[in-house]
Every structure is written in structure tokens, then in C-alpha cells.
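Chemist: Here it is, the structure in full.
Just so it is clear, none of the values below were taken in a lab; they were calculated from the coordinates. This structure is a prediction, so every number in the text was calculated from the model and none was measured. Cβ atoms come from the backbone with ideal geometry, glycine included; neighbour counts cover every protein chain shown.
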Amino acid sequence: MELDWLSPSPQMWRARKLQLGLVAGVAILAAGLGLGIGVGAAAGIAVAAGIAVAAALYGVLLWRRYRAWGYAEREDDLLVRRGVMIRRLTVVPYGRMQFIDVTAGPVDRLFKLATVQLHTAAASTDARIPGLDTGEAERLRDRLAALGEAKATGL
Amino acid sequence: MSQPAPLPSEWARLHPLSPVVHGGRAAAALVTAVALNSAAQRHRTPWSALIAVGIAVIGGLVYWSVTKWRVHNGELQINTGLFRRQQVRVPLTRIQGIDTNRPLLARALGLSELKLILAGHDTGLAKLAYLGEDRAVAVRAQLLAVAHGLSDDTPEPVEYPILHVPGGRIVTANLLSTRFTVGAVMVAAAIATIIFFPQVIGPVLATVVTLLFGDLLVTARQISAEWEFQLAEAPDGIRLRSGLLQTRAETIPHGRVQAVRWVEPLWWRPFGWVRLEFDVARRRNNDRGDRQSGTTSKALLPVGSREQARWLLDRLLPGAVAELPASEGVPRRAVWRLPLARRYARLHHDGVYISCCTGRLRRDTVVVPLAKVQSIRWSQGPWSRRLRLASVFVDTAGQRFTGNARCRDVEEAQQLMARLPDLARAARANASAR
């Protein structure tokens, strides 16, 4: 099967890096300074280094997760794949879509990103595509809505 | 029999005894709670309870006094609410079915509740609680007749009884359930503990009694809900009737079944007993409503022989198979992922249905018509990847079960992912063409 897998925008990785960097930075500063002043310089440096290593490892996982996201538009259905440890692939026929959600959190908006989520009548369907450029999100939303309308079927 | 009164075209009230049932049900719950409470601290007049009961009764009265209904412009219109007026408008053609609920107190007073089933809508407010018994039967028949485009004096269509499960069988079956097994194991464990450590008899007894009480309560509710279970075939679907204290009559409209589950608990297998459950598309909110009116089970067959179950399954989903041969099992190496259930993890699919079997102690087989599939998912964890296994899930609009093909060989799972969407599309096209 030759499929055009599309990936989230590279901006998503930047957004994730920023989020991780902010959280890790604050944690390192707080723990390092707090312990450094309260207990001793050695303890402060050790804990700060520990947090930095953990954040770096988590960053690797985030990178791999970012790389794992993908979606492909086929003639009759949409494919979404994700996951590093547990790999998942979801197939949603266009005719089964009930509605489409486009959401963007504050960090996402800063990077002009949005998440497109597909809802079917089944609660267990988890077709979510994060980190799309706003333009691409709009294109996908409109295209999916049009296809959903054209191929709609009853329950 | 005299001609039943026509549907009201002017605003009409519900039965004047309705507030008694509304208030009474709330009062019963409160009184039990307070009685349990005040048993601990005697000689106290439970003023708070009396006030609460009073509020419940007044609430029922207010609900009755502000609720009016009529049939107008091809709609069932219900107006209710004291401060926030709510107007429910149900186009009669949208009615999928009408369920009849009769709580204990309503039965004593000769009242019934009619609950309208609409496709994919919150039916919480679309109900008439309560009407007189005969009136309820007449109104139900008239509403359904109009909903099907007939005149409202069309007699209620004839139903053919197809199945009856006597109460005794329900009791036996429930006593052999997994819940009961757990209870028995608990008692055995408690006895063993008391024999070896007699000093802890107090706490052990207290724990076991509390746990058993909950167990018994659930079992009793289940038995009460499924007592004298009857199925009848009506033109618009299959009618379910059951209940010991509270009776209900429910319709599964034709073609609305999203999935059927075939359940074989451990202790039923020697008797060859099977339970069938069904799943229909309804919104989450309605489940809450169902619980409030005391519906606990969604059984199509609370307990029955394999032949009965096979026959009923075929009637609902013609040509579906739920008893899968061992040849449709998973590879040997899946034993690392499913140490107990490996032998029964089976999968079968044709162009119309997909059946997945899981479980060791309680074997569950979920049969999903491919035409009802909403989405298909593939999932593979690190363990499964090493073992070259993958799981495939099939989602439907029902809420209670999903098709769950666990630990298939990777190649087989990949083929499933490639073929199922096409098969499902073909099945959908077929179903809508019919």
C-alpha cells in the first residue's frame, strides 16, 4: 500500500521543547536554589543535575512521540497513527464522523498550532491529530466535514 | 372494551396520583437511609428525615402541577418546570419506541410511566410519568400508530411471544454467577482465617458480612429486574418484559442492535447455559435515566440453553456465529500475554459479522455487525511487538462492549486492518440498500 503519511508541523516539536524547557527550568531553579541555600551547594547541584537528566530523557521520548504521529487521507477513510511504546493506528471511515473539533491551547496558539479531533458515535474512537499548522488544521477540518457530509450513513 | 379516549389535543395533566409515586420513591430511599442511621442512635425523632420526606412530596406535587402535555401539530408536547420552564417537543415520526416502566409504588396505585426512545437524543425529559395503567397502554398504542403514519384509532399491533424464562431459573443462574463464586471464596477464606487465628474473629466477620451484604443486594436487584423474563416479536421490533417488584417493557427496534455479547460464566458451562446481552446506540445521559428508573440489565436472554441462545442470536443477527472453533485461536506464543485466556482468544469474521471471544473464567464473545462499525483500531505494546502480536479493536455506537481481537499474529492483524474497512463499507452499503 502506498500511503501518503502526513506529519504534524515541526512547530509542534518547538512547542513541546518550549513547554518541557519551561517546566524543567523552573523545577531546576526552584529545587537547586532551595536546596542549595537550605541544605548545601552539593545537594542543590546534585538534584538540579538529576532533574536536568530526567528532562533530557523525557525530551527524547517527546521527540520520538512527535515523530510517531502521522495521518493519511485515503479515499474512504482517515488513518491516524501514534505512540512509541504502545503503537496505535485508528481507521475512521469518513461516513462515520459525527463532528470535528479544532482546539488550540495557549502554547499551541503561540506557535500557530491546532489539534483536530474526530468524533464518531462510538465513545472509544480516539482519532486525534495534534500539532497541525492552523492553515492545515482548517484545510483538514473543511475537507473532513465535506467528505463526512458526502458519505454520511445512518447508525 | 370501550373505545379508549383520544390523545389530548388540549393541555392535559398527568395522573393526579403521580406526586405520590414521585414523592414516595424519594421518601422510601430517605426513610431507609435514616432508619439505618438512627438504628445506631435510638430515641431520636428523625426530624430531618420527616422534613426531607415532606420536601420530596411537595416536589412531586409541584412537578405534577406544572407539567402538562398534549399532541399538537404532529408533535408530542410536554411543558414542565416551575422556575425554568422546559418545553419538550417530540415530532411523532421521530419516536423509535416507547418503554413502559412500573415501579413498585406505581404498580400498587395502578400507574405506568411511558418513556420515549429517540435516536441519539437525550430522552431524559421525553417521558410521561405517570399515567393510569389502561390509559398508558392506549396512549402508547396511539402514539406509535401515529408515529407510523396510521390513524390513532388503529388497534395495537399483535405481539407473538417467542421466549419465556421462569423466575426460578433466574434465581439458580444468579446463584451460580461469578459474583456468587467470589462470595463463596470470601466465606471460605473467612472460615479458614477464623480457624487458624480465632483472635481476629470480630473484624473478619464484620468485613465479610459487609461485603456479602453488598453482593446479595446486587444479586437480588438483578434477580428482581430479570424475573419472569419474556420476549415477544412485535412489528416494530422485539419487546422485552420483566421484573418482580418493578416491571418494565422495552422495545429493541429492528436493525438498531450495535452488538450482541454471548456470555458463559464458569459455573454455567456444566449446564450449557448462556446469557445474551445487547447494545443499542444511546447517549451517555440516558444511562443515568435508566439507572434512575431501576433498569439494571440489558439482557436479551438472562439465561438459556445454547440452542435457545443460538436461535435468538440468529433471529436478531441472521447468520451470526458466536461459538468459534479452536482453529480460529491465537498463536501459541500469545501465552506470554494471555497466560490463562490464550485458548479462548478467538476471532471469526465474514462479510457481515465479526465475532471476538475473550476470557477464561467467564468467556465473552462479542458479535458486531460490520455495517455498524464506527472505527477500527490497532494497538501493539512493547511486549506484543517482541512476540510479533497485535490487537485489533472494533468500535460501535453502543457503549457497553467493543469487539476485541487480542493478540493476533502481526500478519493477520495487518490483513485485518487492510480488509475490515472495505468489508465494513460494503456491509454498510448493503444494509442501506435493503
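Chemist: How do B:S375, B:S177 rank when sorted from fewest to most other Cβ atoms within 10 Å of their own Cβ?
Modeler: Result, fewest neighbours first: B:S177, B:S375.
Chemist: Okay, moving on. Given a 10 angstrom Cα cut-off, can you work out which residue in B:I170, B:I162, B:I194 is the most mobile in a GNM of chain B?
Modeler: B:I194
Chemist: While we're on this one: Are there any helices in chain A, counted as whole DSSP H runs, that stretch 30 Å or more along their axis by Cα and score at least -0.5 on average by Kyte-Doolittle, and if so which?
Modeler: A:10-38, A:41-68
Chemist: Using DSSP H assignments, which helices in chain B have an axial alpha-carbon span of 18 Å or above and a mean Kyte-Doolittle hydropathy of 0.0 or higher?
Modeler: What comes out of the filter, once short or polar helices are dropped, is B:18-40, B:47-66, B:133-147, B:178-196, B:201-226.
Chemist: Short version: ³J(HN,Hα) in whole Hz for each residue of segment B:324-336, in order, from phi by Karplus 6.51 cos²θ - 1.76 cosθ + 1.60 (θ = phi - 60°), x for Gly and Pro, what are they?
Modeler: So the Karplus estimates, Gly and Pro as x, are 9, x, 4, 5, 9, x, 9, x, 3, 5, 5, 4, 5 Hz.
Chemist: If each residue's Cβ is checked for other Cβ atoms within 10 Å, how do A:D76, B:D364, B:D395 rank with the fewest at the top?
Modeler: A:D76, B:D364, B:D395
Chemist: Roughly how many debye, to the nearest 20, is the charge dipole of segment A:88-155 about its Cα centre, given +1 on each Lys and Arg Cβ, -1 on each Asp and Glu Cβ, and no other charges?
Modeler: Dipole about the Cα centre, nearest 20: 120 debye.
Chemist: For a footprinting-style exposure proxy, rank B:T93, B:T207 by other Cβ within 10 Å, fewest first.
Modeler: Result, fewest neighbours first: B:T93, B:T207.
Chemist: For chain A, give the magnitude of the charge dipole about the Cα centre (Cβ charges: +1 Lys/Arg, -1 Asp/Glu; no others), in debye to the nearest 20.
Modeler: 500 debye
Chemist: With unit charges on the beta carbon (Lys/Arg positive, Asp/Glu negative), name the residue among B:N73, B:V165, A:A122 whose Cα is farthest towards the positive pole of the charge dipole of the protein assembly as shown.
Modeler: So the residue we want is A:A122.
Chemist: Next question, about the same structure. In segment B:108-246, with Lys and Arg counted as +1 and Asp and Glu as -1 at Cβ, which of these residues, B:S112, B:V185, B:Q246, has the Cα nearest the positive end of the dipole, that is, farthest along it?
Modeler: Of the listed residues, the answer is B:V185.
Chemist: With the dipole of chain B worked out from charges on the C-beta (+1 for Lys and Arg, -1 for Asp and Glu) around the Cα centre, which of B:P270, B:S379, B:P318 lies farthest toward the positive end?
Modeler: Looking along the dipole axis, the top candidate is B:S379.
Chemist: Run the dipole for segment B:88-188 about the Cα centre, Lys and Arg Cβ at +1, Asp and Glu Cβ at -1, nothing else charged, and hand back the magnitude in debye, nearest 20.
Modeler: About 380 debye.
Chemist: Turning to a different aspect of this structure: At q = 0.05, 0.06, 0.13 Å⁻¹, what is the log10 ratio I(q)/I(0) for the protein assembly as shown, with the Debye formula run over Cα points and no solvent?
Modeler: -0.31, -0.44, -1.35
Chemist: Ok, one more. Could you let me know the centre-to-centre spacing of segment B:45-78 and segment B:379-434, using Cα atoms, in angstrom?
Modeler: Distance between centres, Cα-based: 48 Å.
Chemist: List, largest first, the extents of the alpha carbons of chain B along their principal axes, each in whole Å.
Modeler: Extents along the principal axes: 72, 68, 40 Å.
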